[in-house]
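Working notes, beginning with the structure itself.
The values are calculated or read from the model by the stated rules, or taken from the named source; none is laboratory data. Remember, predicted model here, so these are calculated numbers, not experimental data. Cβ placement follows ideal geometry from the backbone for every residue including glycine, while neighbour counts extend to all protein chains displayed. The accessibility values were calculated without ligands, DNA or RNA, using every heavy atom of the protein model including side chains. Shrake-Rupley method; radii C 1.70, N 1.55, O 1.52, S 1.80 Å.
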Amino acid sequence: MGLTLIEAAKHETRVERLAVIRTFSEGQLIRRLPFRNLTGGALKFAKEKKLPRVGFRAVNEGYRRDYGAVANETEFVRLFGGDLDVDRSIVDLNGTEARASQTEQKVRSMRLTLEAAILNGDANFDPRAFNGLSKRLIPGGVQTVDNGGGTVKLTRIEQLVDAVNANGGEKVLITSKAGRRQISAACRDVGGELYQVMEGRHWFEDVEILVVDQDANGQDVLGFGEAGKTTSFYCCSFGDELMTGLQGPFEGRYGISVRDFGEVQDAPVFRTRVDWYVGFAVCDDKAAARLYNIGPAVA
C-alpha cells in the first residue's frame, strides 16, 4: 500500500532524509499523493475498460459466461534530483546554517518542479520526464468538462467531481489560488455552505481544494495560459488503484535518497546529492478529470 510523505516521515530515522521529506511535504499536492513502492522501476497494471455482464437464471439453467475487458498499461519511474553545492567560503564566513539554508532552497525547488510536472509535464518537450495530467486529459475527451468560458460555474465543478470515482476513498480538487478565489466567490453569490474553511483547509461541498501555486521559476502552474487565456481545474482520487505516485528503491530503501559528499575535489564546494526515482500513474480512467476553458475573474 502506498504511503504519503507525511506517513513515511513517521518511520524515518535519518535526520537529513527527514528534513528533505518535510520540505517536500510543504506542497499540498505532494503531501496528499501516496507513493507506491516499485521493484524494477515499472508498474504494469490492467486498466478496467468494461465490466463482465451478470444476470438472473431459471432453475436448471446456467449463467451466461462473459468477461471484463482490460487494457494493459505500464508506467515508469524517472530519475529526478539534483546536486546541492554550497561554496566553502559561504560556510566559513556564515557558519553551517548557511549551507542548511541553501540546501533547503534547492529541495524546495525540486518540490515545486515535481508538482508542476504532475500537472503540466510534457514528455515530448523533455523525454526524461513524464506526461502530466494536462497531457493525459486532453480537452474534449471523456474525462473532461467544458466550463464554457468566463469564470468558473458551480454546476460545472459538480460535473467535474461527479466524473471521478473514489471507490470509497476521497476526492480532491486541484487549482490555483486565483481558481480557489473564484470558487469561493461563486459559492458566496449563491449563499449556503457550499464553501467551507476548517482548520486552514478549504472545501467545496465535501471535496478538499488543494492549491498548486508557482513552479521553481516563479511561473503560475495553473495560470491563464491555455487557449483563449483560460485555465483548468482538476479533480482526482488518490489510492493504489486510482491515481498514485510511484517510487523506486535506492540502496535497498524506498523514497528520497540524501547523500552528503562533504567538500568535493573538483571544486571548493560542499555537495549534497538528492535522488528520487519517482513517477505517477492513473490506474483507473475515472480517477482523474479536468475542467477546462475557465476565464479569469473580471475586476
Two pseudo-spin positions, 7 Å from Cα along C-beta at V59 and at T13, lie apart in nanometres by 6.7
In degrees rounded to 10, the 0-90 angle between helix 96-120 Cα long axis and the longest Cα principal axis of the chain is 20
By the C-alpha gyration tensor axes a ≥ b ≥ c (rounded if a/c is under 1.5, else prolate when a/b exceeds b/c, else oblate), the shape of the chain is oblate
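What size of dipole, in debye to the nearest 20, comes out for the stretch 147-256 about its Cα centre when the only charges are +1 on Lys and Arg C-beta atoms and -1 on Asp and Glu C-beta atoms?
400
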For K177, the lysines lying under 29 Å Cα to Cα, once residues fewer than eight places off in the same chain are dropped, come out as K106, K135, K153, K229, K286
With a Förster distance of 51 angstrom and the Cβ-Cβ distance between L51 and T96, calculated FRET efficiency to the nearest 0.05 equals 0.30
Plugging the Cβ-Cβ distance of E226 and R31 into 1/(1 + (r/R0)^6) at R0 = 30 Å yields, to the nearest 0.05, a FRET efficiency of 0.70
Here the gain from full extension of T74 to D146, 0.36 nm per residue of separation minus their alpha-carbon distance, amounts to 23.0 nm
Counting only backbone N atoms under 15 Å from a point 7 Å out along Cα-to-Cβ of Q159, the residues of the stretch 128-149 in range are 139-149
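Take the alpha carbon gyration tensor of the stretch 232-299, find the square roots of its eigenvalues, order them as a ≥ b ≥ c, and report rounded if a/c is under 1.5; if not, report prolate when a/b exceeds b/c, else oblate.
It is oblate, given that a/c is not under 1.5 and a/b is not larger than b/c.
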Here, S89 and R201, labelled 7 Å along Cα→Cβ, have an inter-label distance in nm of 4.8
In Å², rounded to a whole number, the accessible area per residue of the chain with probe 1.4 Å is 55
Subtracting the Cα-Cα distance of Y67 and K44 from 0.36 nm times their residue separation yields 6.2 nm
Within the stretch 1-66, DSSP-loop GluC sites (Glu not before Pro) with at most 10 other C-beta atoms within 10 Å are E61
From highest to lowest solvent-accessible area (probe 1.4 Å; ligands, DNA and RNA excluded), H202, H11 read H11, H202
Note to self: C-alpha centroids of the stretch 36-75 and the stretch 276-299 sit apart, in Å, by 26
If each part is reduced to its alpha-carbon centroid, the stretch 6-35 and the stretch 242-257 end up apart, in Å, by 12
In the chain the accessible area split gives carbon plus sulfur, as whole percent at 1.4 Å, a share of 49
Per GNM of the chain with C-alpha springs under 10 angstrom, the most fluctuating residue out of V172, V190, V77 is V190
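Please identify the trypsin sites (Lys or Arg not before Pro) of the stretch 1-87 that satisfy two criteria: DSSP loop assignment and at most 13 other Cβ atoms within 10 Å. Which are they?
Working: sites: K10, R14, R17, R22, R31, R32, R36, K44, K47, K49, K50, R53, R57, R64, R65, R78; in loops: K10, R14, R53, R57, R64, R65.
Taking the stretch 1-87 and a limit of 13 other Cβ atoms within 10 Å, the loop trypsin sites (Lys or Arg not before Pro) found are K10, R14, R53, R57, R64, R65.
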Filtering chymotrypsin sites (Phe, Trp or Tyr not before Pro) in the stretch 26-82 by DSSP loop and by at most 14 other Cβ atoms within 10 Å leaves F56, Y63, Y67
If R0 = 30 Å, then I138 and F250, at their Cβ-Cβ distance, give a FRET efficiency to the nearest 0.05 of 0.30
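How would you classify the stretch 1-107 from its alpha-carbon gyration tensor, with a ≥ b ≥ c the square roots of the eigenvalues: rounded for a/c under 1.5, else prolate if a/b is greater than b/c, otherwise oblate? Each step should come with its number before you reach the end.
Numbers: a/c = 5.12, a/b = 3.54, b/c = 1.45.
In terms of gyration-tensor shape, prolate.
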The size of the Cβ-based charge dipole (Lys, Arg +1; Asp, Glu -1) of the stretch 1-64 about the Cα centre, to the nearest 20 debye, is 360
Contact order relative to length for the chain, counting C-alpha pairs under 8 Å separated by 6 or more residues, stands in percent at 26
In degrees rounded to 10, the 0-90 angle between helix 177-190 Cα long axis and the longest Cα principal axis of the chain is 40
With every protein chain kept in place and a 1.4 Å probe, the residues W276, W203 fall, from largest accessible area down, as W203, W276
To the nearest 10 degrees, the tilt of helix 15-24 (Cα long axis) against the first principal axis of the alpha carbons of the chain is 50
